[in-house]
Amino acid sequence: MKSGEVLAEVRNLRISFPYPQGYREVVHGLDLTLMKGEVFAFVGESGSGKTVTGYAFMGLLPPYARVEGEIYFCGRDLLGLSPRHWYSIRGKEISMIFQEPMTALNPTMKVGRQVAEVFMLHQGMDKKEALRQTVSLLGEMGIPQPEIRVEDYPHQMSGGMRQRILIAMAMAAGPKLLIADEPTTALDVTVQAQILSLLKRLQRDMGTSIFFITHDLGIVAEVAHRVGVIKGGFLLEEAGVDELYDRPLHPYTRALLEVLPHWERQGRGFSLPQAREEEGACPFYPFCAEAKEICRDRLPPMKRLGRRKVRCWLY
C-alpha cells in the first residue's frame, strides 16, 4: 500500500430518499478517506447505508435521491460531474462488482462479449483484439479453458465463475478504484476463499484501491488494511484492521465481533436485532449494555484517538 497518498475523500455525505412522510436520510454526514493501493472495508448490517455509499461513488443513485456533501476522487468532485464526464470515469477509473452476479450479467449475451465490450468502450480495441484480451483476462481470473468459456451464457456458469466474470468486467479497464459490494455473498466457503484471494492478488499486482462492502467482519481480516463500521447511516468507528480486531472501541463493533464463531466471547453470545433508531440518539443505543442517558438524547461526535476514530460517549 502506498502510504500517505489520498485517492478519494468523502466529506459530510448525506443521502436521502423519499418516503410517505417526506425525505428520510439514510447516510448521515459521512466522512471517509481512501488511500491509494489500500483495501478499505466498509462493514455494517443490512440497511446501514453501505451500498448506497458505493452507488454514490459510481454516480448510480436514482434521480429522486437527494445527495449532499462532497466526494473527491483524484482531486475532482464527483457529485458535480455532468453525465458526459461520468461516462469517461465510470467503468474506466472507478468500477464496481455488484452484489448479485446473476442479475448483474446480461442473460442474453455470452460472457465473453460482455467483458470484451469494456475493452472496446474504454480502451478503443476492435472486436478481435478485445476478445483476445478477454480470453487472457479470464485466464488470470482463474477460469479454466477461457477460450471455450467465453462462448458460455451466464446460466451455464457456476456462482463462483459468474463472480469471476464480474470481477473481470470491473478490472478490464484497469480502474484506480474498485467498489466490491458483498462480492462473496451466497458463495460457499471454498469459493469465497478463492474470490478473496483473487481480490488480494489484483490489489497487490495492479495497485488498485478496493472499497470492500460487507456485513461480515469474519472475512475483513483476510483482505483489508483499514475498516469503517457503519450503523443506521452513521460511521461509528474507523481503525486499522489489526487495531480493530485487537481492541474494538465501540460497543457495536464489539457486538459484531462477538457473533463470530472464532471470537472469544465474554459471557453469553450476542445477536443483532433490528429496531427503528430514535432521532438524535446513538443508533446502537437500544441494544447497548454500556449506554448512558446522554446516548438517548444526543448523538456523540466523532473523536480521533491516535490513528483511529470512534463515535461514542464512552470516549
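The values are calculated or read from the model by the stated rules, or taken from the named source; none is laboratory data. Model, not experiment: these values are computed from the prediction. When we count neighbours, we look across all protein chains shown, and the Cβ atoms used for this are built from the backbone with ideal geometry, even at glycine. Protein only, heavy atoms only, side chains kept; ligands, DNA and RNA dropped before computing areas. Shrake-Rupley method; radii C 1.70, N 1.55, O 1.52, S 1.80 Å.
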Check: When residues of the range 217-230 are filtered for being in contact with a strand residue (DSSP E or B) (Cβ under 8 Å, 6 or more places away or on another chain) and either open to solvent by less than 10 Å² (accessible area, probe 1.4 Å) or more than 15 Å from residue 97 (Cβ to Cβ) (or both), how many remain?
Finding: 9
Item checked: Criterion violated by residue 185 - all others in (1) in contact with a Lys or Arg (Cβ under 9 Å, 6 or more places away or on another chain); (2) of a type in the set (Ser, Thr, Tyr); (3) open to solvent by less than 60 Å² (accessible area, probe 1.4 Å) satisfied -> (1)
Notebook entry, point to check: Checking residue 136 against (1) assigned to a loop (DSSP other than H, G, I, E, B); (2) surrounded by fewer than 21 Cβ atoms within 10 Å (Cβ to Cβ); (3) not aromatic (Phe, Trp, Tyr), which single condition isn't satisfied?
Noted result: (1)
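Quick one: how many residues across the range 242-256 are open to solvent by less than 20 Å² (accessible area, probe 1.4 Å) and either of a type in the set (Asp, Glu) or assigned to a helix (DSSP H, G or I) (or both)? Can you show your working first?
Quick first cut of the range 242-256, residues open to solvent by less than 20 Å² (accessible area, probe 1.4 Å) only: 244, 248-253, 255-256.
Restricting the remaining residues to those that are either of a type in the set (Asp, Glu) or assigned to a helix (DSSP H, G or I) (or both) gives 244, 251-253, 255-256.
Count: 6.
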Next item on the list: Collect the residues in the range 43-57 that are of a type outside the set (Phe, Trp, Tyr), open to solvent by less than 10 Å² (accessible area, probe 1.4 Å) and part of a helix (DSSP H, G or I), keeping them in residue-number order.
Entry: 53, 54, 56
Item checked: Matching residues in the range 72-113 - criterion: being among the charged types (D, E, K, R), farther than 24 Å from residue 209 by Cβ and touching a Phe, Trp or Tyr at 6+ places or on another chain (Cβ under 9 Å) -> 110
Note to self: Suppose the filter is at pLDDT 95 or above, open to solvent by 40 Å² or more (accessible area, probe 1.4 Å), among the hydrophobic types (A, V, I, L, M, F, W, C) and within 24 Å of residue 17 (Cβ to Cβ); does residue 67 pass it?
What the structure shows: yes
Next item on the list: Kindly check whether there is at least one residue in the range 226-236 that is over 16 Å from the mean Cα position of the chain (by Cα) and on the phi < 0 side of the Ramachandran plot.
Entry: yes
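Of the residues 30, 61, 81, only one is among the aliphatic types (A, V, I, L, M) and farther than 29 Å from residue 241 by Cβ; which?
Numbers: 30 fails: farther than 29 Å from residue 241 by Cβ; 61 fails: farther than 29 Å from residue 241 by Cβ.
Just one listed residue meets the conditions, 81.
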